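**Q** Below is the structure I would like to discuss, written out as structure tokens.
The values are calculated or read from the model by the stated rules, or taken from the named source; none is laboratory data. A quick note: this is a predicted structure, and the numbers were derived from the prediction, not measured. Cβ placement follows ideal geometry from the backbone for every residue including glycine, while neighbour counts extend to all protein chains displayed.
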Amino acid sequence: MDIKRNYYEDIELFKSNTILVWSILFLIFLGILPWLIQKYHLLGMSIYIVNLITIHAIVAIGLNILVGYTGQISMGHAGFFALGAFTTVILILRWSFPLWVALPIAGFVSSAFGFILGLPALRLKGPYLAIATLGFGMTITTIIKHMEFFGGRMGLQAPRLYLFGTPMKDIHYYYVIMIIAVLMTIGAVKLIKTRVGRAFIAIRDSDIAAEAMGVNLTYYKTLAFAVSAFYTGIAGGLYAFILGFINPESFHLIMSITFLAMVVIGGLGSIMGSIAGAALMTFLDIKLQAIQDIPAIGPALVTFSQKYMSISGISNVAVIVYGLIMILIVLFEPLGIFGFWIRTKRYWKTWPF
Amino acid sequence: MDPILKIENLTISFGGIRALNKVSFEVEKGAIYSIIGPNGAGKTTIFNCISGIYQPSSGKIFLKGEDITYLRPDQVAKKGIARTFQNIELFSHMSTMDNLMLGRHIHMKTGIWRGATFIYKGSKAAREEIEHRGKVEEVIDFLELQAARNQFVVNLPYGTRKLVELGRALALDPEVILLDEPSAGMNMEEKGDLMFSIQDIRDDLGITVLLVEHDMNLIMDVSDRILALNFGEKIAEGLPEEIQKHPEVLKAYLGEEEKVA
């Protein structure tokens, strides 16, 4: 079962036929997911929520490459997200680029800024780097807000896109986003397994040893920022279209922190964890806005909040529950959802011992 | 024959303290050259200067006649100097295998695009990975690390970690290897094995070894030449037998006999 026959098997994407079969089944599931949602309303999901989750998953993967694998922190990813969104929309709106050209360009614009932000990161660590990147995220949105070119404070309407003459709807965007997300996930998994990914992890674990082994710290640290920003920029471009309207105010500081929370809760240094974290956080964020619909405890919580904490109740208690779930996960499973998955796997492997 | 490594008047100060003062020595190709001295004598500082972590205040370092004094650590590694650290600096959340694969970093070419997009066995990135994996397996066989191959380094015992670090340096295929107290924390048996490994590194792999070590038995057994330091000054250099009897060295280690009034 676990016998390796050649070295390639260690870097293969599908390490066994079981994984291959499951992956194909999962892809089929993703293919029919919109149909399932429309017919059965799985968990009360809409295609919009799934799209949002997928986009957040791309961001989380990008951010995990930086935070989880390279060990650099960023609290300014909403800035890259905004850059991606505005670049895509402007390219299509002003110069009528097709989406498949505008999106990569947005990714590269974003990664260019990532590279620039990566330069001070060479000398900064931990809390200091957090503050520097925080400043970056806030500056980007402020600049965008004050420039007429970007639509100023009013923001921009995302142009309507057409697919073979018919306007694209959520369901069409679903397939576009999902294909991009799957490709980018595979890309990240492969990248981590090869030379560049190893250099990233080496820098995280011991930058002094990595350097003594011939890893150029300047190059790889800025590269990590650029790759991370590329992922986020692409996701930002897609985000503009499912939202339909973008304004600088929506790319705020809390967004950057939520991205970071997705990565930590999903599991630092795990691609699959990032996806799980993005899914959980996005799902909770949206579902908790309607917390009064949760049977039994929902109304009680809302009444409690209305009585003691605020007049409206719902928004207040939703945030509290959201925060509580985050605290509980980090407290009981420091490795996040990924850690939970590993433990479950080990449990079944050794069952019934 | 020209020396492979030549250090000239190496001087470095931290604040007001002169950690090294005009230290010069030459290492012949294929030699096992040891540096000894009491704690704080400046042994590790010499290593840090050679590998580019510290910039010396003055003095020169030549590798095969080429000035490498002011190169960055990664550039020094590319020139063919690998090292280990006194307090193990491994990539603790990587497997032994990946640690050694990182040692191959400078010999590999896969960049970001090729690394993220290879899909089949024959693609360039995969071929390269497999080729270098073969080299790493040689190092694993050489140091008998098979049992640790797929374990995370954090879970390995101290002595094994020391060996993994040595393996990582060997995977780099260096011409000169700097070993900073390789036997610290090892038991007698492991020390014995290590001694043979060091000799094999020189004899079989043809790598010049620079050794900082506190275990005098090991030093005297393996070294071709020894440099003795005290307070950043060179106090003696020569064959092991000469160093053993050298009055300055005895004074540094045992202290001076004082007349009791």
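**Q** Counting only residues that are of a type in the set (A, V, I, L, M), give me the strands (runs of 3 or more DSSP E) lying completely in the stretch B:14-71 with at least 3 of them.
**A** B:17-27, B:32-36
**Q** Please verify whether B:Lys162 is surrounded by fewer than 18 Cβ atoms within 10 Å (Cβ to Cβ) and either out of contact with any strand residue (DSSP E or B) (no Cβ under 8 Å at 6 or more places or on another chain) or not in a helix (DSSP H, G or I) (or both), treating the condition exactly as stated. Before the answer, list the steps.
**A** Details: surrounded by fewer than 18 Cβ atoms within 10 Å (Cβ to Cβ): no; either out of contact with any strand residue (DSSP E or B) (no Cβ under 8 Å at 6 or more places or on another chain) or not in a helix (DSSP H, G or I) (or both): yes.
Spelling it out, it is not the case that B:Lys162 is surrounded by fewer than 18 Cβ atoms within 10 Å (Cβ to Cβ) and either out of contact with any strand residue (DSSP E or B) (no Cβ under 8 Å at 6 or more places or on another chain) or not in a helix (DSSP H, G or I) (or both).
**Q** Within the bounds of the stretch B:65-77, is there any residue that is of a type in the set (Gly, Ala, Ser), under 29 Å from B:Val164 (Cα atoms) and either in the same structural domain as B:Ala228 (by TED's automatic domain parsing) or touching a residue at least 60 places away in the same chain (Cβ under 8 Å) (or both)?
**A** yes
**Q** Does B:Ser51 fit the bill of being in the same structural domain as B:Ser183 (by TED's automatic domain parsing), polar (S, T, N, Q), at pLDDT 90 or above and within 19 Å of the chain's Cα centre (by Cα)?
**A** Yes.
Condition check ((1) among the basic types (Lys, Arg); (2) closer than 20 Å to A:Gln157 by Cα; (3) in the same structural domain as A:Ala158 (by TED's automatic domain parsing); (4) under 15 Å from the mean Cα position of the chain (by Cα)) across all residues:
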residue: A:Gly68; (1), (2), (3), (4): no, no, yes, yes
residue: A:Gln72; (1), (2), (3), (4): no, no, yes, no
residue: A:His77; (1), (2), (3), (4): no, no, yes, yes
residue: A:Ala82; (1), (2), (3), (4): no, yes, yes, yes
residue: A:Ala85; (1), (2), (3), (4): no, yes, yes, yes
residue: A:Ile92; (1), (2), (3), (4): no, yes, yes, no
residue: A:Pro98; (1), (2), (3), (4): no, yes, yes, no
residue: A:Val101; (1), (2), (3), (4): no, yes, yes, no
residue: A:Ala106; (1), (2), (3), (4): no, yes, yes, no
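**Q** Have a look at A:Ser96, A:Ser111 and point out the one that is farther than 18 Å from A:His252 by Cα, surrounded by 15 or more Cβ atoms within 10 Å (Cβ to Cβ) and among the polar types (S, T, N, Q).
**A** A:Ser111
**Q** Here's another thing I want to ask about it. Of all residues in the stretch A:321-353, which are touching a helix residue (DSSP H, G or I) at 6+ places or on another chain (Cβ under 8 Å), free of Cβ contacts under 8 Å to residues at least 60 places away in the same chain and not hydroxyl-bearing (Ser, Thr, Tyr)?
**A** A:Val321, A:Ile325, A:Glu333, listed by residue number.
**Q** Also: Among the candidates A:Leu129, A:Leu52, A:Leu134, A:Leu93, single out the residue that is within 23 Å of A:Gly187 (Cα to Cα) and either part of a helix (DSSP H, G or I) or of a type in the set (A, V, I, L, M, F, W, C) (or both).
**A** The match here is A:Leu52.
So that you can scan it fast, the table gives a plain yes or no per residue for (1) at pLDDT below 90; (2) assigned to a loop (DSSP other than H, G, I, E, B); (3) of a type outside the set (A, V, I, L, M); (4) not assigned by TED's automatic domain parsing to the domain that holds A:Leu99:
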{"position": "A:Pro159", "(1), (2), (3), (4)": "yes, yes, yes, no"}
{"position": "A:Val182", "(1), (2), (3), (4)": "no, no, no, no"}
{"position": "A:Ile186", "(1), (2), (3), (4)": "no, no, no, no"}
{"position": "A:Ala210", "(1), (2), (3), (4)": "no, no, no, no"}
{"position": "A:Gly214", "(1), (2), (3), (4)": "no, yes, yes, no"}
{"position": "A:Thr218", "(1), (2), (3), (4)": "no, no, yes, no"}
{"position": "A:Thr222", "(1), (2), (3), (4)": "no, no, yes, no"}
{"position": "A:Ser228", "(1), (2), (3), (4)": "no, no, yes, no"}
{"position": "A:Tyr231", "(1), (2), (3), (4)": "no, no, yes, no"}
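**Q** Which members of the stretch B:77-86 meet the condition of being buried (at least 19 other Cβ atoms within 10 Å of the Cβ) and either more than 15 Å from the chain's Cα centre (by Cα) or facing another protein chain (nearest Cβ under 8 Å) (or both)?
**A** Matches in the stretch B:77-86: B:Ala77, B:Ala82, B:Arg83, B:Phe85.
**Q** Sticking with this structure for a sec: Within the group A:Pro352, A:Pro295, A:Pro334, A:Pro299, which residue is within 30 Å of A:Lys190 (Cβ to Cβ) and either at pLDDT below 85 or of a type in the set (Phe, Trp, Tyr) (or both)?
**A** None of the others qualify; the one that does is A:Pro334.
**Q** Does any residue in the stretch B:19-31 that is outside the structural domain of B:Asn48 (by TED's automatic domain parsing) and of a type in the set (Gly, Ala, Ser) come within less than 6 Å, Cβ to Cβ, of a residue that is outside any loop (DSSP other than H, G, I, E, B) and surrounded by 15 or more Cβ atoms within 10 Å (Cβ to Cβ) six or more places away or on a different chain, and which pairs are these?
**A** Nothing qualifies.
**Q** Would it be correct to say that A:Arg153 is within 14 Å of chain B (Cβ to nearest Cβ) and either outside any helix (DSSP H, G or I) or farther than 16 Å from A:Leu99 by Cα (or both)?
**A** No; evaluated as a whole, the condition is false for this residue.
**Q** Just to verify a result, which residue in the stretch A:187-206, among those that are β-branched (Val, Ile, Thr) and within 8 Å of another protein chain (Cβ to nearest Cβ), is surrounded by the fewest Cβ atoms within 10 Å (Cβ to Cβ)?
**A** Here the residue is A:Ile201.
**Q** Which condition breaks for B:Lys245 when tested against (1) surrounded by 15 or more Cβ atoms within 10 Å (Cβ to Cβ); (2) in the same structural domain as B:Phe47 (by TED's automatic domain parsing)?
**A** The failed condition is (1).
**Q** Sticking with this one: Please go through the stretch A:207-261 and give me each residue that is hydroxyl-bearing (Ser, Thr, Tyr) and surrounded by 18 or more Cβ atoms within 10 Å (Cβ to Cβ), ordered by number.
**A** In the first step, residues of the stretch A:207-261 are kept if they are hydroxyl-bearing (Ser, Thr, Tyr); the result is A:218-220, A:222, A:228, A:231-232, A:239, A:250, A:256, A:258.
Within the stretch A:207-261, A:Tyr220, A:Thr222, A:Ser228, A:Tyr231, A:Thr232, A:Tyr239, A:Ser256, A:Thr258 meet the criteria.
**Q** Going residue by residue through the stretch B:87-97, is there one that turns out to be more than 22 Å from B:Val164 (Cα to Cα), surrounded by fewer than 18 Cβ atoms within 10 Å (Cβ to Cβ), more than 9 Å from chain A (Cβ to nearest Cβ) and of a type outside the set (Asp, Glu)?
**A** no
**Q** With respect to B:Arg104, is the statement that it is of a type outside the set (Ser, Thr, Tyr) and either under 21 Å from B:Leu179 (Cα atoms) or in contact with a Cys (Cβ under 6 Å, 6 or more places away or on another chain) (or both) true? Please lay out each step first, then the result.
**A** Working: of a type outside the set (Ser, Thr, Tyr): yes; either under 21 Å from B:Leu179 (Cα atoms) or in contact with a Cys (Cβ under 6 Å, 6 or more places away or on another chain) (or both): yes.
So B:Arg104 fits the description; yes.
**Q** Got a sec? Which strands (runs of 3 or more DSSP E) wholly within the stretch B:184-239 have at least 2 residues that are among the charged types (D, E, K, R)?
**A** By residue number, B:233-238.
**Q** Considering only the stretch A:314-331, state which residues are at pLDDT below 85, among the β-branched types (Val, Ile, Thr) and within 15 Å of A:Phe283 (Cβ to Cβ).
**A** Scanning the stretch A:314-331 gives a single hit, A:Val321.
**Q** Residues in the stretch A:319-349 that are among the small types (Gly, Ala, Ser) and surrounded by 14 or more Cβ atoms within 10 Å (Cβ to Cβ): how many?
**A** Total meeting the criteria: 2.
**Q** How many residues are assigned to a loop (DSSP other than H, G, I, E, B), more than 8 Å from every other protein chain (Cβ to nearest Cβ) and either over 17 Å from A:Leu191 (Cβ atoms) or at pLDDT below 80 (or both) if we restrict to the stretch B:116-139?
**A** Here the count works out to 2.
**Q** For A:Thr218, which of the numbered conditions (1) facing chain B (nearest Cβ under 10 Å); (2) free of Cβ contacts under 8 Å to residues at least 12 places away in the same chain fails to hold?
**A** (2)
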